[in-house]
Amino acid sequence: MKHIDRRSFLKNSLLTTAALSLPGGLAVTPAAAASAAPAGSAQATGLVDTNVNLFSWPFRKLKYSDTKSLVAKLKKHRVVEAWAGSFEALLHKDMDGVNARLAAECRTNGGGLLIPFGSVNLAWPDWEEDVRRCQEVHKMPGIRIYPGYQPFDLDHPDMERLVRMTAERGLILQVVFGMEDPRVHHPQITVGRVSSAPLIAALKNTPNARVQLLHFSGSVRGEDLNQLMKETSAVMDISRLEGNGAVGRMIGSAPGMTAGRAPVERVLFGSHAPYFPLETAILKLIESPLDAKQLQAIMQGNARRLLPRA
Amino acid sequence: MDARKFYLNPSAYGMPTRDELVAMRIWDSHYHGFQSSPQPIKQHQETMYYVERMGIERVIAFDVGGTWQRPLVDTDFETQKWEILVKDQDRGVSGIIPIEPSYPEKSLAKMEKWIRHGPCIGIKYSGGNEAGVSCNHPNNDPIIKLAVELNAVIYIHTWLKVGGTPPRSGGGNSPGESSPMDVARLAQRYPGVSLICGHSGGDWELGVRAIRPFKNVVLEFAGSDPHSGAVDHAVRELGADRIVWGGHGPSRSFATELGKVLDADLTNADRMKIFGGNYRRLAAPIFRKKGLKIVL
Amino acid sequence: MTPREFFINPADYGLPTRDELVAYRIWDTHFHGFYGSQTPLEQYTRNNFYVERMGIERSISLEIGGTLDAPLVPSPHDDAIRAILEKDKDRLSGITPIDPGFPDESCAKMDKWIRNGPCIGIKYVGGNKSGITCSHPNNDAIIRRAAELNATIYIHTWLKVGGMPRLPGRDNNPGESTPMDVAKLAQRFPNVPMICGHSGGDWELGARAIRPYKNVSLEFAGSDPHSGSVDYAIKELGVDRVVWGGHGPSRSYATELGKVLDADISRADRMKIFGGNFRKMAAAIFRQKNLKIEV
């Protein structure tokens with residue numbers, strides 16, 4: 001790392017502009033970047049956000065809880081498709097009602113951008129019927145579960161069956177590993193840490209399952225992430241990746257790194273909006289030193305492989 | 001005040017008048033007039049004031065031939081209850097008897113006495129027992145078989161009380177207290193036998209989905225708080241033909257239980273099914289077998 | 001890849017370019033470049049890649065002299081870090097952690113590192129063995145000395161939910177201050193500016209706890225980014241009472257910048273939060289130490 005004094009730091013800053021992404025993967029010169037329309041160039045890669053939720057977070061009125069305002073926000077930041085779950089799925093018991101409202105909302109107010117991901121709750125009876133309805137009635141391409149808030153863990157006896165069912169039906173299964181820092185939970189909420197170990201076992205038994213872990217970063221020592229990457233084909237989103245250069249460190253592209261913890265093909269853009277600011281997730285892509293190919297994969301390519309454009 | 005005298009006109013408040021309630025032919029499949037009182041006969045007589053006032057056509061008393069806490073032990077009032085059931089049969093009082101699946105033989109004997117040779121029209125699974133035997137246990141097989149033979153109505157108390165560590169639905173149930181999932185398993189074993197899943201499991205969103213696949217199970221939703229939308233949900237998932245009404249008086253108000261149905265967006269025909277038509281269909285065979293008059 | 005090389009144009013995604021970030025004049029009041037590593041100097045150097053990439057103008061390191069875990073025990077890296085502070089003084093400042101369990105020793109440390117050293121302020125860390133929070137009378141001597149030195153005062157606060165019955169703050173470490181502790185301290189020293197760090201973690205509660213005390217500013221780094229949090233803080237406190245922290249490298253600048261960019265505020269207000277407010281607070285000690293500062 002070269003030494004920077006403040007004068008040259010500022011001088012260079014003012015002369016330097018962010019480079020544009022180009023199909024060829026080359027960084028452009030500052031001059032070329034400056035000539036590009038700062039409000040956005042038409043050919044810039046759109047984002048597929050694999051992790052948003054609609055409706056009301058139970059503990060706070062979120063800024064973008066209204067679907068139309070969320071869609072406007074997503075569009076403003078060049079999100080071209082968002083996989084939407086429902087905050088209602090956390091605590092509601094009538095899951096079909098939850099899923100029907102989600103599907104209708106995506107249809108009515110989704111601006112052609114929201115893809116509904118319904119939910120089933122393994123602790124509630126008749127969940128298999130909800131899987132069927134999600135696919136056959138609500139035409140959803142996937143299911144999102146929220147263990148912990150939904151009163152079951154991944155060691156639930158039906159977990160393997162859910163993985164198998166979604167695989168057989170060609171559905172994507174998204175498993176949410178957290179919604180909120182446990183230190184600031186409402187005192188009445190006791191949601192424990194979700195362990196991925198039983199999921200890994202289930203995935204090994206159903207290798208063709210298409211599973212994405214949301215808001216997951218692995219344990220501190222990282223054995224679970226290693227195991228997921230080595231022994232399953234599960235993918236993950238970036239919403240829980242934290243620390244400077246976290247996305248780059250995850251895929252091994254940070255300065256000085258020779259290897260990452262997950263191959264770039266297994267990492268998808270996910271913002272956790274509207275609970276998290278959308279800006280945070282996009283800034284992670286800017287902050288981490290990622291080349292054009294890596295960006296294309298994370299922003300859209302990996303998601304499209306999991307779910308081709310509707 | 002006379003039971004039929006009102007100083008408030010219900011129709012001015014968007015509610016059915018007494019005459020309209022009467023026209024709905026309401027059968028209360030969950031009547032506790034004889035329950036939990038040192039003077040059950042007096043309590044029954046007092047409760048009948050409200051039965052009359054609210055235009056209920058018939059009540060089905062649950063607490064006959066013992067109590068729900070001790071179903072197989074006669075109280076000092078059983079003779080009087082028997083006489084009331086015989087005397088008031090034509091005036092809208094019927095009864096079903098609590099049984100105890102921990103003691104199938106004794107339960108069978110009680111059914112012989114009170115149903116085959118007595119005034120009662122069905123059995124009730126109570127809210128638990130010391131042995132912890134729920135309605136899904138094999139002990140129930142002879143009970144269900146005899147109930148079928150007698151054309152007896154089968155009512156099963158169910159709840160899903162939250163409790164345990166970690167808390168889960170049903171984790172707070174009493175020993176032997178059945179859940180809708182227990183009813184579902186029993187129904188799967190006896191697909192040709194009609195069963196009533198009582199109280200809707202308390203937690204109706206879960207209870208309804210637990211029994212949904214089993215067409216021989218109907219839902220009754222008395223004895224829990226009135227939640228707006230509950231009956232709409234049940235009708236959507238089960239259809240209007242699989243719901244029966246209970247009043248749970250005097251410990252629950254008829255206002256509570258009627259309100260659940262009036263809240264729902266139903267046709268008058270569907271409302272009548274829920275208020276009584278569906279139950280009458282269940283009970284018709286035993287009414288006819290006993291030579292009792294019944295108009296469906 | 002160099003820190004200034006990008007394959008994505010932030011403007012295409014509705015976000016400020018690096019030049020625009022630079023123009024915001026971002027001062028990171030919560031910099032952990034030397035923290036939590038066996039090799040803090042290496043970590044600092046490595047993290048400079050991101051400091052430069054994200055256009056941060058100045059970082060205020062919180063662990064100068066000792067460590068956050070043992071504020072009064074000299075660290076083997078103290079001399080080297082002091083040299084870096086001198087070398088990089090045009091983009092790096094430092095504040096020194098104190099321990100209110102030991103007020104005399106803390107004051108002595110302030111004399112060494114602030115009066116006679118390179119530091120510009122003090123930091124209350126996230127707990128201590130004596131269980132003394134910032135509202136304890138022990139702190140009076142420390143605050144008086146800080147005021148005398150024009151030192152900035154940064155107080156780590158959290159409201160971790162826990163205990164029985166569960167309530168916010170009941171899972172705090174011994175000696176870990178809450179925003180309510182800061183409020184009590186602020187009431188005793190109404191003319192001494194202080195920073196309520198981390199917004200108490202639980203910002204809806206933290207902002208309200210300090211609201212009546214105009215001498216308290218809020219800093220909200222080191223917790224998850226919640227959409228709407230900065231809007232809320234401004235509504236309750238006014239934009240002049242909010243300062244920015246990056247909390248890197250353990251938190252991402254993306255996380256912390258995103259909190260401010262999420263807020264519906266004018267560019268002028270954004271500049272106040274990103275640096276202007278802290279510069280106003282630190283101007284006195286910068287000038288006292290003959291350090292250049294453009295507020």
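What to note about this one:
- Candidate set: the stretch C:231-263, residues that are open to solvent by less than 10 Å² (accessible area, probe 1.4 Å) and more than 9 Å from chain A (Cβ to nearest Cβ); chosen: the one farthest from C:Arg279 (Cα to Cα): C:Ala233
- Taken residue by residue, the stretch A:93-108 has no member that is surrounded by fewer than 17 Cβ atoms within 10 Å (Cβ to Cβ) and within 20 Å of the chain's Cα centre (by Cα).
- Some residue of the stretch C:138-156 being part of a helix (DSSP H, G or I) and within 14 Å of chain A (Cβ to nearest Cβ): no
- Qualifying positions in the stretch A:255-298 - part of a helix (DSSP H, G or I) and hydroxyl-bearing (Ser, Thr, Tyr): A:Thr280
- Residue match in the stretch A:172-188 (condition: open to solvent by 20 Å² or more (accessible area, probe 1.4 Å), under 21 Å from B:Arg168 (Cα atoms), within 14 Å of chain B (Cβ to nearest Cβ) and not hydrophobic (A, V, I, L, M, F, W, C)): yes
- Some residue of the stretch C:211-229 being under 19 Å from the mean Cα position of the chain (by Cα), among the hydroxyl-bearing types (Ser, Thr, Tyr) and open to solvent by 30 Å² or more (accessible area, probe 1.4 Å): yes
- For the stretch B:204-251, a tally of residues being touching a Pro at 6+ places or on another chain (Cβ under 9 Å), open to solvent by 10 Å² or more (accessible area, probe 1.4 Å) and closer than 24 Å to B:Gly33 by Cβ returns 0.
- Here B:Ala283, B:Ala234, B:Ala222 are screened, and the one residue that is in contact with a strand residue (DSSP E or B) (Cβ under 9 Å, 6 or more places away or on another chain) and within 14 Å of chain A (Cβ to nearest Cβ) is B:Ala234.
- Among the numbered conditions (1) over 17 Å from the mean Cα position of the chain (by Cα); (2) surrounded by fewer than 21 Cβ atoms within 10 Å (Cβ to Cβ), the only one that C:Phe286 does not meet is (1).
- For the stretch B:139-165, the candidate set comprises residues that are more than 20 Å from B:Ala210 (Cβ to Cβ) and without any contact (Cβ under 8 Å) to a residue 12 or more places away in the chain; within that set, the residue that is surrounded by the fewest Cβ atoms within 10 Å (Cβ to Cβ) is B:Thr165.
- Residue within the stretch C:96-104 that is free of Cβ contacts under 8 Å to residues at least 24 places away in the same chain and within 30 Å of C:Arg25 (Cβ to Cβ) present: no
This table checks each residue for (1) of a type outside the set (Lys, Arg); (2) out of contact with any strand residue (DSSP E or B) (no Cβ under 6 Å at 6 or more places or on another chain).
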position: A:Glu129; (1), (2): yes, yes
position: A:Arg132; (1), (2): no, yes
position: A:Lys139; (1), (2): no, yes
position: A:Ile143; (1), (2): yes, no
position: A:Thr166; (1), (2): yes, no
position: A:Gly170; (1), (2): yes, yes
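- Condition broken by C:Pro174, with the remaining ones in (1) of a type outside the set (D, E, K, R); (2) surrounded by fewer than 24 Cβ atoms within 10 Å (Cβ to Cβ); (3) at negative phi; (4) within 14 Å of another protein chain (Cβ to nearest Cβ) satisfied: (4)
- Residue under evaluation C:Pro118, criteria (1) open to solvent by 30 Å² or more (accessible area, probe 1.4 Å); (2) touching a residue at least 24 places away in the same chain (Cβ under 8 Å); (3) part of a helix (DSSP H, G or I), criterion not met: (3)
- Set C:Glu52, C:Glu57: member being of a type in the set (Asp, Glu), in a helix (DSSP H, G or I) and facing another protein chain (nearest Cβ under 10 Å): C:Glu52
- Considering the stretch C:1-43, the residues that are among the charged types (D, E, K, R) and in a helix (DSSP H, G or I) include one that is surrounded by the fewest Cβ atoms within 10 Å (Cβ to Cβ), namely C:Glu42.
- Top-ranked residue in the stretch A:59-89 [being assigned to a loop (DSSP other than H, G, I, E, B) and in contact (Cβ under 8 Å) with a residue 60 or more places away in the chain; ranked as nearest to A:Arg101 (Cα to Cα)]: A:Ser65
- Matching residues in the stretch C:243-272 - criterion: being of a type outside the set (S, T, N, Q) and farther than 16 Å from A:Leu283 by Cβ: C:Val243, C:Asp264, C:Ile265, C:Arg267, C:Ala268, C:Asp269, C:Met271, C:Lys272
The values are calculated or read from the model by the stated rules, or taken from the named source; none is laboratory data. All values reported here derive from a predicted model rather than from experimental measurement. We place every Cβ from the backbone using ideal geometry, glycine too, and count neighbours over all the protein chains shown. What goes into the accessible areas is simple: the full protein's heavy atoms, side chains included, and nothing from ligands, DNA or RNA. Shrake-Rupley method; radii C 1.70, N 1.55, O 1.52, S 1.80 Å.
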